[in-house]
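The values are calculated or read from the model by the stated rules, or taken from the named source; none is laboratory data. These numbers were taken from a predicted model, which means no experiment stands behind them. Because the Cβ atoms are built from the backbone with ideal geometry, glycine has one as well, and the counts that use them run over all protein chains shown. When the accessible area is computed, the model is the full protein with side chains, heavy atoms only, and any ligands, DNA or RNA have been set aside. Shrake-Rupley method; radii C 1.70, N 1.55, O 1.52, S 1.80 Å.
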Amino acid sequence: MPEYVLTLAAFLTLVLVLAVLYSRYRQKLMLHQERMSALEKGTPIPLGPEPAPWSPRVYLLRGLIWSFSGAGLIVCLLGLAWASQRPQSATLVAMRAREISQGLQIPIDQARQIAEKDAAAQREGVPPGIAVLGVIPLAVGLAYLVFYFTDDSRRRLAAEGGNPTAPTP
């Protein structure tokens, strides 16, 4: 069953990527046709959408997005790990106690105590250490934030009385 879910997820991702690429292709094709028809008619060529002006605040935005995404991922994975932790079943503990009793030649009660201690230490489910994966986007976000707060161009614009959100020349 997990193989089908994984295959379906991969297929849907591929379809999504192809749809985005096709949409981008159609958009560029329409822009090209518009420019060609303008050239044929002798009218000024439309330049298309103007890119947004650059601002140092882009780094602040990126830093906040990455940092909060990383923190959210850590919280989500810790919650998943906590919610999926289950003690071993009594059947498994009893089977393990029987194996210990037969292997070590000790009474079944003593073997049951050993098996219960082992079961308390070993839990089934997602290990909490998986939450460390959230540190990666958190670190990327913190790097953006450090760059934003140590950037000289932002300070220079503020010192000159300019708007730090305005594009730099």
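Only one of the numbered conditions (1) loosely packed, with under 15 Cβ neighbours inside 10 Å; (2) at pLDDT 75 or above; (3) in a loop (DSSP other than H, G, I, E, B) is violated by ILE136, and that is (3). Of all the numbered requirements in (1) in a loop (DSSP other than H, G, I, E, B); (2) at pLDDT below 85, ALA83 misses one, and that requirement is (1).
Identify all residues within the range 81-108 that are over 27 Å from PRO127 (Cα atoms) and polar (S, T, N, Q); write none if there are none. First the steps, then the outcome.
Taking the range 81-108 first, the residues over 27 Å from PRO127 (Cα atoms) are 98, 101-108.
Listed by number, the residues that qualify are SER101, GLN102, GLN105.
What are the residues in the range 52-61 that are open to solvent by less than 70 Å² (accessible area, probe 1.4 Å) and either in contact with a helix residue (DSSP H, G or I) (Cβ under 7 Å, 6 or more places away or on another chain) or in contact (Cβ under 8 Å) with a residue 12 or more places away in the chain (or both), if any? Of everything in the range 52-61, those that are open to solvent by less than 70 Å² (accessible area, probe 1.4 Å) and either in contact with a helix residue (DSSP H, G or I) (Cβ under 7 Å, 6 or more places away or on another chain) or in contact (Cβ under 8 Å) with a residue 12 or more places away in the chain (or both) turn out to be SER55, PRO56, TYR59, LEU60. I'm trying to understand the selection: among the residues of the range 1-29, which are closer than 30 Å to PRO46 by Cβ and among the polar types (S, T, N, Q)? SER23, GLN27, listed by residue number. Among the residues making up the range 1-51, those that are polar (S, T, N, Q) and open to solvent by 100 Å² or more (accessible area, probe 1.4 Å) are GLN27, GLN33. For first residues located in the range 102-118 and on the phi < 0 side of the Ramachandran plot, partners that are open to solvent by 70 Å² or more (accessible area, probe 1.4 Å) and of a type outside the set (A, V, I, L, M) and lie 6+ apart or on another chain with Cβ distances below 6 Å form the pairs ALA115/ARG96.
Within 30 Å of VAL146 (Cα to Cα) and free of Cβ contacts under 8 Å to residues at least 60 places away in the same chain, is that true of ALA38?
On the way: within 30 Å of VAL146 (Cα to Cα): no; free of Cβ contacts under 8 Å to residues at least 60 places away in the same chain: yes.
In short, no.
All of (1) modelled with pLDDT under 80; (2) closer than 30 Å to TRP54 by Cα; (3) not hydroxyl-bearing (Ser, Thr, Tyr) hold for GLU116 with one exception: (2).
Give the residue, chosen from LEU64, LEU78, that is assigned to a helix (DSSP H, G or I), loosely packed, with under 15 Cβ neighbours inside 10 Å and modelled with pLDDT of 85 or more. Just one listed residue meets the conditions, LEU64.
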